[in-house]
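> Okay, handing you the structure first.
The values are calculated or read from the model by the stated rules, or taken from the named source; none is laboratory data. Bear in mind the structure is a predicted one, so any value in this text is a computation, not a measurement. FYI the Cβ positions are ideal-geometry reconstructions off the backbone, even for glycines, and counts take in every protein chain you see. All accessible areas refer to the heavy atoms of the entire protein, side chains included, with ligands and DNA or RNA removed. Shrake-Rupley method; radii C 1.70, N 1.55, O 1.52, S 1.80 Å.
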Amino acid sequence: MKFFLDTANLAEIQEAAALGILDGVTTNPSLMAKEGIRGTDAVMAHYRAICELVAGGDVSAEVNATDFAGMVREGEALAELHEQIVVKVPMTKDGVRAIKYFSDKEIRTNCTLIFTAGQALLAAKAGASYVSPFVGRLDDIGGDGLGLVGQIVEIFANYGFPTEVLAASIRHVPHLVECAEIGADVVTCPLSVLNDLFQHPLTDKGLATFLADAQKVGS
Ligand code: G3P
């Protein structure tokens, strides 16, 4: 299972990359805005910096256009920027057309804003490299985010689609662990969730005991 960080914050990416377990990064326009990035040149420079921090890892960079021609123009520029860039495209009719266009040109894509298995199927048929079901946002409206991930995993396995299931909008450790049980290929989460994965009170208590006993031994 791949771990991606869902952020555009360079310090957070650096912190996660230093652990040696980071496989990639996903960004979106909201996360870029949160970092105060303004203007095309700054956006491109920021994506390049992210790619360098996660050497070899995939970095999802989202198009802002909503029409096919605009998505193609933006996506091609993003793909040219760095070989690690995966063009993130929203789940719309123009988005699916753009994914098919990019797929034919061997430009990798991540279809975002997936809330149904049918949407995931459309993106896979168009040749998306990843689909991103939004687990937390579906739960927020009383839906079953993890159930959706399970449906998509099953459908892709039924037909041998190479599209990877990238579980997004992961809000806490149980989300992440259940995605692993279900068989999601990737989870993308905030740094806080990654850090929470380390935690258990018995780990802290056990370590404190070992340290105290080590002092007695004096080694
Ligand atoms: O990157 C998309 C997704 O992970 C957003 O998560 O927490 O804003 O619903 P969230």
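> List pairs: first residue in the range 109-133 and farther than 15 Å from Ala98 by Cβ, second residue acidic (Asp, Glu) and open to solvent by 10 Å² or more (accessible area, probe 1.4 Å) anywhere in the structure, Cβ distance under 9 angstrom, at least six positions apart or on different chains.
Ala117/Glu154
> I'd like to verify a number: residues in the range 134-178 that are of a type outside the set (A, V, I, L, M), within 14 Å of the ligand (Cβ to nearest atom) and under 27 Å from Ala98 (Cβ atoms), how many?
If we filter the range 134-178 for residues that are of a type outside the set (A, V, I, L, M), which is where we start, we get 134, 136-137, 139-140, 142-145, 147, 150-151, 154, 156, 158-164, 169, 171-172, 174-175, 178.
Within this subset, residues satisfying the condition of being within 14 Å of the ligand (Cβ to nearest atom) are 134, 136-137, 139-140, 143, 145, 169, 171-172, 175.
Those left that are additionally under 27 Å from Ala98 (Cβ atoms): 134, 136-137, 143, 145, 169.
Qualifying residue count for the region: 6.
> Only one of (1) more than 23 Å from Val177 (Cα to Cα); (2) within 16 Å of the ligand (Cβ to nearest atom); (3) in a helix (DSSP H, G or I) is not met by Lys88, so which one is it?
(3)
> For the range 26-44, what are the residues that are free of Cβ contacts under 8 Å to residues at least 60 places away in the same chain and outside any helix (DSSP H, G or I)?
Listed by number, the residues that qualify are Glu35, Gly36, Ile37, Arg38, Gly39.
> Suppose we filter the range 174-219 for residues that are over 20 Å from Ala17 (Cβ atoms) and β-branched (Val, Ile, Thr); how many remain?
Of the residues in that region, 5 qualify.
> Please go through (1) out of contact with any strand residue (DSSP E or B) (no Cβ under 8 Å at 6 or more places or on another chain); (2) open to solvent by 20 Å² or more (accessible area, probe 1.4 Å); (3) away from the ligand (no atom under 16 Å from the Cβ) for Ala79 and return the number of the only condition it doesn't satisfy.
(1)
> Could you check how many residues of the range 137-147 are hydrophobic (A, V, I, L, M, F, W, C) and within 16 Å of the chain's Cα centre (by Cα)?
Final tally of qualifying residues: 1.
> Provide a single number: the residues in the range 100-133 that are over 13 Å from the mean Cα position of the chain (by Cα) and either buried (at least 21 other Cβ atoms within 10 Å of the Cβ) or more than 15 Å from the ligand (Cβ to nearest atom) (or both).
Within the range 100-133, residues that are over 13 Å from the mean Cα position of the chain (by Cα) and either buried (at least 21 other Cβ atoms within 10 Å of the Cβ) or more than 15 Å from the ligand (Cβ to nearest atom) (or both) number 21.
> For the range 29-74: of the residues being of a type in the set (Asp, Glu) and open to solvent by less than 50 Å² (accessible area, probe 1.4 Å), which is nearest to the ligand (Cβ to nearest atom)?
Among those residues, the one meeting the criterion is Glu62.
> Find the residue count for the range 1-18, including only residues that are of a type in the set (A, V, I, L, M, F, W, C), open to solvent by 10 Å² or more (accessible area, probe 1.4 Å) and touching a residue at least 24 places away in the same chain (Cβ under 8 Å).
Final tally of qualifying residues: 4.
> Checking Gly136 against (1) open to solvent by less than 30 Å² (accessible area, probe 1.4 Å); (2) part of a loop (DSSP other than H, G, I, E, B), which test does it fail?
The failed condition is (2).
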